[in-house]
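Some notes on the structure that comes next.
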Amino acid sequence: MTKRAVIYARYSSDLQSDASIEDQVRLAERLIADRGWELTQTYTDHGMSGASLMRPGYQKLLEDARSGAFEAVVAESIDRLSRDQEHIAAFHKAMLFADITICTSSEGDINELHIGLKGTMSALYLKDLADKTRRGLEGRVRKGKSGGGISYGYNVVDLRAADGSPVRGDRSINQNEAAIIRQIFREYSHGESPRSIAHNLNRAGVRGPNGGTWSPSTINGNWRRGTGILNNELYVGRLVWNRQRFIKDPITGKRQARLNPEEKWVIEDVPLLRIVDEDLWITAKKRQLDIRKSIVHRGGRSEIARRPRYLLSGLLECGTCGGGFSKINKDLYGCSTARNKAICSNRLSIRRDKVEHAVLGGLKDKLMQPEAYQAFVAEFTKEFNARSSQEEATKKRCLTELEKINSDIRRVIDAIKAGVSGEILKDEIAALETKRANLESQLRASPPTRPLLHPNLSKVYQKKITNLIEALNMPDTISEANSAIRQLIQSVRLVPNEGSLQIELYGELAALLKLSEEPKTKHPLARTEGVQVTMVAGAGFEPTTFGL
């Protein structure tokens, strides 16, 4: 039987081109022809780093591998598949488990030795590239030039060296955008809120940074991280670089910002790039500080960003504009774009408890199935009784040893009474006294004897699951529950439908619930990890929709 083969090709930056993809595919096609395999599919990713898993072509390759669509995957080299040691090792393990051959034009058939050596080399390459890039950027910043990106209010200056090569990092003031920046600072200093300023700019048709719309966060930003119009020190002629660094989350693959200590910041004066005068800047910063002090005085946090307060915070999306749904009062969620930017027509709201019960109600129903709580009872009883038996065995061992030590102490005392010198036996009796004190301390600290549990615990289980959502929202469990639930949910879309909101659940929770209702494929990679499955939330998560 002819082996079905697929090709994966990738290039990482705009410095390369589609010709790179064509070259990789041509080499892979030649290898497939030499092996006598059948080419069934080609997966490509253009301008995407090999350090990330969030590549459409790569994800589609994994999805088809799970469904058993091919028996061999061919690439130019291992680092085309990934430059991350952990990712390439996981890819190799998954393909090996599914009996899928990995073959490259550079290395031939891939085995564990290739994975270890080439993975290490790729990781070192990425680290060395990052270090060199940072050194180059720091040198540019210390000359008063841009360290990357362009702030609102400035234009990139296209300069050429004598040899025709581009001179990077120079900027000039965009006078039209500079006027908007000064307007924002004046209005904020006169008491206007960032939300009101954003609404007015959007109504006037003023385009925001990168041509987008204005929002309160675009203006207010985060004062600690120096983001937002009101916190950009470049507007007063100070270039601040290396304020923060980015670390990739190993679970989500997304970058997370981390603040650097101030002594690592690089600060240069660039007076030619000043847009806002010092007095206006100081007035705006004073108002920011007063607002932060007021928030702290009321028991809040001074920074805008905070951990999700509720189970679905940050996961709710508007089905009209794609923006987030956030709290608009104590009990209701509403579209943030409609409220903050006034450019979305979705004005419907939904109670927090309603959407939580709709999303998690299906999970509760599945856990209430008889086989589920019977399995819980069996495992809980087994574990509880095993721990109780172990504690009792430890206590009995301590009591037996304590009785022996007391007997030895009496023996030593009898020897002293019989005429043996106490000086000879003092070390022995001291050691016995120490052991006795330790055992008595252990016995005092040991828990009281617990009765063995009867297997009939189903009522306890049912009560816990019935109160699942309430329990997950308890202050002492909310943090852990947030982390666990949010790993299973990609998003919850709230779609307007005839005057009410239809709830659509995306992610692995939907996949897990759906999996229990569908036949399971026997292919070894047929599992729900990484697969986006859509399920519309209804009574018990049946496919029919309903409104709230």
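The values are calculated or read from the model by the stated rules, or taken from the named source; none is laboratory data. The model shown is predicted, which means the values in this text are computed figures rather than measured ones. Neighbour counts are summed over all protein chains in view; Cβ atoms, including those assigned to glycine, are modelled from backbone coordinates with ideal geometry. These accessible areas exclude ligands, DNA and RNA; they are computed on the full protein's heavy atoms, side chains included. Shrake-Rupley method; radii C 1.70, N 1.55, O 1.52, S 1.80 Å.
Between region 127-166 and region 412-433, the C-alpha centres lie 83 angstrom from each other.
In a reduced charge model with +1 at each Lys and Arg Cβ and -1 at each Asp and Glu Cβ, region 145-207 shows a dipole moment near 120 debye about its Cα centre. For the listed residue pairs 286/330; 396/435; 404/435; 330/354; 145/286, the alpha carbons are over 18 angstrom apart in 286/330; 145/286. A Förster distance of 35 Å, applied to the separation of the beta-carbon atoms of residue 54 and residue 353, puts the FRET efficiency at 0.60.
For region 109-246, the alpha carbon positions stretch 65, 42, 26 Å along the principal axes, listed from largest to smallest. Computed over region 18-65, the quotient of the alpha carbon radius of gyration and 2.2 N^0.38 Å is 1.26. Using all pairs of distinct alpha-carbon atoms, the Kirkwood hydrodynamic radius of region 32-92 works out to 12.5 angstrom. The loop-placed trypsin sites (Lys or Arg not before Pro) in region 66-114, going by DSSP, include none that has at most 15 neighbouring Cβ atoms within 10 Å of its Cβ.
Over all other residues within a Cβ to Cβ distance under 14 Å of residue 432, the charged ones net out to -2, with Lys and Arg as +1 and Asp and Glu as -1. The label-point distance for residue 256 and residue 99, in a model that sets each label 7 Å from Cα toward Cβ, rounds to 4.0 nm. Shown is the FRET efficiency for residue 404 and residue 326, computed with R0 = 45 Å from the Cβ-Cβ distance and rounded to the nearest 0.05: 0.10.
The stretch between residue 246 and residue 162 holds 26.7 nm of extra length on full extension. This uses 0.36 nm per residue minus the Cα-Cα distance. Local charge for residue 2 was computed over the other residues whose Cβ lies under 14 Å away, with Lys and Arg +1 and Asp and Glu -1, and equals 0. Ranking 65, 88, 98 by Cα position along the charge dipole of region 63-160, where only Lys, Arg, Asp and Glu carry charges on their C-beta atoms, puts 88 farthest toward the positive end. For the peptides 191-198, 428-435, residues were scored by their other Cβ atoms within 10 Å and the scores averaged per peptide; the highest-first order is 191-198, 428-435. The distance between label points at residue 109 and residue 135 comes to 4.2 nm (points 7 Å beyond Cα on the Cα→Cβ vector).
The accessible surface of region 152-291, taken with every protein chain in place and a 1.4 Å probe, is 50 percent carbon and sulfur.
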